[in-house]
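Accompanying notes for the structure given below.
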Amino acid sequence: MTLSTLWVLAEPSSGSFSSTSLELLSHARTLATTVEAVTWGEGGSFAGLAGEYGASTLYDVGDLAGALPGVPVAHAIEALIAGHGAPDAILIPASYDGRDVAGRLSARLDRPVLTNVTGLVDDGGLLTEHPVFGGSQTVTAKFTGEGPGLIVVRAKSFAPEPSGGPAATVVAAPAGDTGAAGTAVIETSHVEERTGPKLEDATVVVSGGRGLGEASAFALIEELAKLLHGAAGASRAIVDAGWVPYSHQVGQTGKTVKPLVYIACGISGATQHMVGMKGSKNIVAINKDSEAPIFQIADLGIVGDVHTVLPALIEALKARS
Amino acid sequence: MNIAVCVKQIPDPAAPQSFDSSNNLNRSGKLILDEADTYGVEMALQLVDKAGGGEVTVVSMGSAADVAGLRTALAMGATKAVIVSDDSLRGSDALSTAKVLAAVLKRESFDLILAATESSDGYTGTTPVQVAELLGLPSITFAKAVAIDASTVKVSRQTEEGYDEVAARLPALVTVTAGVVEPRYSSFKGIMAAKSKPLETLSVADLGLEGQVGAAGAREEIVSVVASESRQAGEKYVDEGDGAEKVVSFLESIKVL
């Protein structure tokens, strides 16, 4: 191990740390002697969880009083570096708030940030791996200047593995005065109801794209997902078109999924989409266009109209149950 | 109400992408306005309209050899455009880009700065927030709706589970998602008018940033670029009424059924 200390941004998420945070803590243990976590809000009470995944210290920014995390958390990390010295690098989940923290911190510290990372390798220094051009090529990069480098990592890049370590020591890491930049405040939160497993945790994902033709046809996707005890996903095209909420989006700007089987219905396979699902164990594609790029990565391809294949599939599954 | 929109001219996303000999993205072909930026331009035009007047300024960095993308934004209705173009900016990273954009934005006083959540070619997705930090402004990313209420910007911001209503004091920076508004098509009149609208080209020296940005300011390097392990295509059938059956058999074979 050539790295001495890595910090991981451990994002609180409904009673736990986000799964990407746990993945990063797990992988950080294999790269550095000391792993420490930075959190805020309810995350401050997860010392046991932080320790279980290998963090020895949990720096707690505390309650943000409704502020968006980007500014106060970046201020707190800057103060931690001034007080405790800089880690070799800071690993940050590629989430909405994670990206905000990375951008803010990069400008405050005048340090570069590498994003869309899916691999971290210790090669006498830290190398980052980035899929480009829809995942057809992998770029390996490294920081050349003074640290800490900021590394934004995509979900599901590493396996979350508890180490069984003791609870982390909690250390308060207040943000201090964040000035005008810190005035973005959350007034209300809205949770979009969805039934069944979460998209990123489901063993079966059924996704729909532009080939569905109209918003109402997404009901076929939802019905099929339900019959397979899976989750319904969507391509960016139909999210942008307003057919389904963004929380369904799979791809570069949406969620990364790696289910046992991914069933792409009426999805052509834009690189933006493929990046988010090509890690699936099995891929089934149903599309009218036999030349659609999605067929190049599908284990089973059905060249056909989703409006006839899906109802037949739904009937067949109903007949079995 | 004066609004700046940060935009990027990118190679046609439908064309194959490649790296040049210095491992920079090959941008030698024709450049267009990133579609992701058309939402910000449209949003700015609508907000200025609602406020009863003002200017929409598009701000960009990159080669000024081809400014068709900026003309697209002007044809939609933007008032003027500024592009920072300088050979020394080749190889700029996100933070360098942010420093350049921030230096341009500092020259005027804007009530609101809009940007896309990320570009469609580099998709680093950090530049707008870096700009906000360099300018000391609040930022709200991933907006799916934006409204101005006196001196406050109110945004519906996407979250993992839905959305939050977030407010910030102006001046502020907001990144908008695709679909936040429906970008207008430029009218013939708009296209003609765009040809005579102000388009200013600046150098790094004009901004006093010599030696601080571009490849000189980048502190990361590419070690290698290799082809990823690719998935093999499996079996492909033309549906002849048996498509559903084939899917069922496949799901059985992997024990999903």
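The values are calculated or read from the model by the stated rules, or taken from the named source; none is laboratory data. Predicted, not measured: the structure shown is a model, and the values here were computed from it. Don't worry about glycine lacking a Cβ; one is built from the backbone with ideal geometry, like all the others, and counts go over all protein chains shown. Surface accessibility is based on the protein's heavy atoms, side chains included, excluding ligands, DNA and RNA. Shrake-Rupley method; radii C 1.70, N 1.55, O 1.52, S 1.80 Å.
If you go through the stretch B:203-214 one residue at a time, do you hit one that is among the polar types (S, T, N, Q) and facing chain A (nearest Cβ under 9 Å)?
Within the stretch B:203-214 (the criterion being among the polar types (S, T, N, Q) and facing chain A (nearest Cβ under 9 Å)), the answer is no, since none of the residues qualifies.
Within the stretch A:131-142, is there a residue that is under 20 Å from A:GLY103 (Cβ atoms), at pLDDT below 95 and more than 20 Å from the chain's Cα centre (by Cα)?
Yes: one or more hits.
Go through the stretch B:145-166 and report how many residues are in a strand (DSSP E or B), in contact with a helix residue (DSSP H, G or I) (Cβ under 9 Å, 6 or more places away or on another chain), within 7 Å of chain A (Cβ to nearest Cβ) and not small (Gly, Ala, Ser).
2
Out of the stretch A:96-114, which residues are touching a helix residue (DSSP H, G or I) at 6+ places or on another chain (Cβ under 7 Å) and more than 7 Å from chain B (Cβ to nearest Cβ)?
Across the stretch A:96-114, the qualifying residues are A:ASP97, A:VAL101, A:LEU105, A:LEU109.
Considering only residues that are hydroxyl-bearing (Ser, Thr, Tyr), more than 27 Å from A:ALA79 (Cα to Cα) and open to solvent by 50 Å² or more (accessible area, probe 1.4 Å), which ones fall in the stretch A:124-161?
Of everything in the stretch A:124-161, just one residue is hydroxyl-bearing (Ser, Thr, Tyr), more than 27 Å from A:ALA79 (Cα to Cα) and open to solvent by 50 Å² or more (accessible area, probe 1.4 Å), namely A:SER136.
Do we find that A:ALA285 is modelled with pLDDT under 95 and either more than 26 Å from A:ARG154 (Cβ to Cβ) or not aromatic (Phe, Trp, Tyr) (or both) in this structure?
No, not satisfied.
For the stretch B:1-29, which residues satisfy the criterion of being over 17 Å from the mean Cα position of the chain (by Cα), open to solvent by 70 Å² or more (accessible area, probe 1.4 Å) and within 27 Å of B:VAL104 (Cα to Cα)?
Listed by number, the list holds a single entry, B:SER28.
Which ones in the stretch A:170-198 are of a type outside the set (Asp, Glu), open to solvent by less than 60 Å² (accessible area, probe 1.4 Å) and within 11 Å of another protein chain (Cβ to nearest Cβ)?
Passing the criteria: A:THR178, A:GLY179, A:ALA180, A:ALA181, A:GLY182, A:THR183, A:ALA184, A:VAL185, A:ILE186.
Which residues, counting only those in the stretch A:267-287, are open to solvent by less than 10 Å² (accessible area, probe 1.4 Å), facing chain B (nearest Cβ under 10 Å) and assigned to a loop (DSSP other than H, G, I, E, B)?
A:SER280
So how many residues does the stretch A:13-24 have that are free of Cβ contacts under 8 Å to residues at least 40 places away in the same chain and touching a strand residue (DSSP E or B) at 6+ places or on another chain (Cβ under 8 Å)?
Within the stretch A:13-24, residues that are free of Cβ contacts under 8 Å to residues at least 40 places away in the same chain and touching a strand residue (DSSP E or B) at 6+ places or on another chain (Cβ under 8 Å) number 1.
Of all residues in the stretch A:199-229, which are more than 19 Å from the chain's Cα centre (by Cα), within 10 Å of chain B (Cβ to nearest Cβ) and of a type outside the set (A, V, I, L, M, F, W, C)?
Scanning the stretch A:199-229 gives a single hit, A:HIS229.
Surrounded by 24 or more Cβ atoms within 10 Å (Cβ to Cβ) and not aromatic (Phe, Trp, Tyr): does that describe B:ALA103?
No.
Output the residues belonging to the stretch A:117-139 that are assigned to a strand (DSSP E or B), touching a helix residue (DSSP H, G or I) at 6+ places or on another chain (Cβ under 9 Å) and either at the interface with another protein chain (Cβ under 7 Å from one of its Cβ atoms) or among the hydroxyl-bearing types (Ser, Thr, Tyr) (or both).
Answer for the stretch A:117-139, where residues must be assigned to a strand (DSSP E or B), touching a helix residue (DSSP H, G or I) at 6+ places or on another chain (Cβ under 9 Å) and either at the interface with another protein chain (Cβ under 7 Å from one of its Cβ atoms) or among the hydroxyl-bearing types (Ser, Thr, Tyr) (or both): just A:PRO131.
Could you run through the stretch A:288-302 and say how many residues are touching a Phe, Trp or Tyr at 6+ places or on another chain (Cβ under 8 Å) and open to solvent by less than 20 Å² (accessible area, probe 1.4 Å)?
The total comes to 3.
Tell me whether the stretch B:188-201 contains one or more residues that are in contact with a strand residue (DSSP E or B) (Cβ under 8 Å, 6 or more places away or on another chain), facing chain A (nearest Cβ under 9 Å) and surrounded by 14 or more Cβ atoms within 10 Å (Cβ to Cβ).
No: the stretch B:188-201 contains no residue that is in contact with a strand residue (DSSP E or B) (Cβ under 8 Å, 6 or more places away or on another chain), facing chain A (nearest Cβ under 9 Å) and surrounded by 14 or more Cβ atoms within 10 Å (Cβ to Cβ).
Here is a check on your reading of the model: is B:GLU240 within 30 Å of A:LYS226 (Cα to Cα), open to solvent by 20 Å² or more (accessible area, probe 1.4 Å) and touching a strand residue (DSSP E or B) at 6+ places or on another chain (Cβ under 9 Å)?
No; evaluated as a whole, the condition is false for this residue.
Exactly one of (1) buried (at least 23 other Cβ atoms within 10 Å of the Cβ); (2) under 20 Å from the mean Cα position of the chain (by Cα); (3) of a type in the set (S, T, N, Q); (4) more than 7 Å from chain B (Cβ to nearest Cβ) is unmet by A:GLN252. Its number?
Evaluating A:GLN252 over (1) buried (at least 23 other Cβ atoms within 10 Å of the Cβ); (2) under 20 Å from the mean Cα position of the chain (by Cα); (3) of a type in the set (S, T, N, Q); (4) more than 7 Å from chain B (Cβ to nearest Cβ) leaves (4) as the failure.
For the stretch B:168-187, which positions are of a type in the set (S, T, N, Q), closer than 21 Å to B:ALA36 by Cβ and surrounded by fewer than 19 Cβ atoms within 10 Å (Cβ to Cβ)?
B:SER186, the sole residue that qualifies.
Would you say B:ILE83 is away from chain A (no Cβ under 11 Å) and surrounded by fewer than 24 Cβ atoms within 10 Å (Cβ to Cβ)?
Yes, satisfied.
Here are some conditions: (1) crowded, with 18+ Cβ neighbours inside 10 Å; (2) within 30 Å of A:GLY98 (Cα to Cα). B:GLU165 meets all but one. Which one does it not meet?
Looking at each condition in turn, B:GLU165 falls short on (1).
Inside the stretch B:218-237, can you point out the residues that are acidic (Asp, Glu), surrounded by 11 or more Cβ atoms within 10 Å (Cβ to Cβ) and farther than 19 Å from A:PHE143 by Cα?
Of everything in the stretch B:218-237, just one residue is acidic (Asp, Glu), surrounded by 11 or more Cβ atoms within 10 Å (Cβ to Cβ) and farther than 19 Å from A:PHE143 by Cα, namely B:GLU235.
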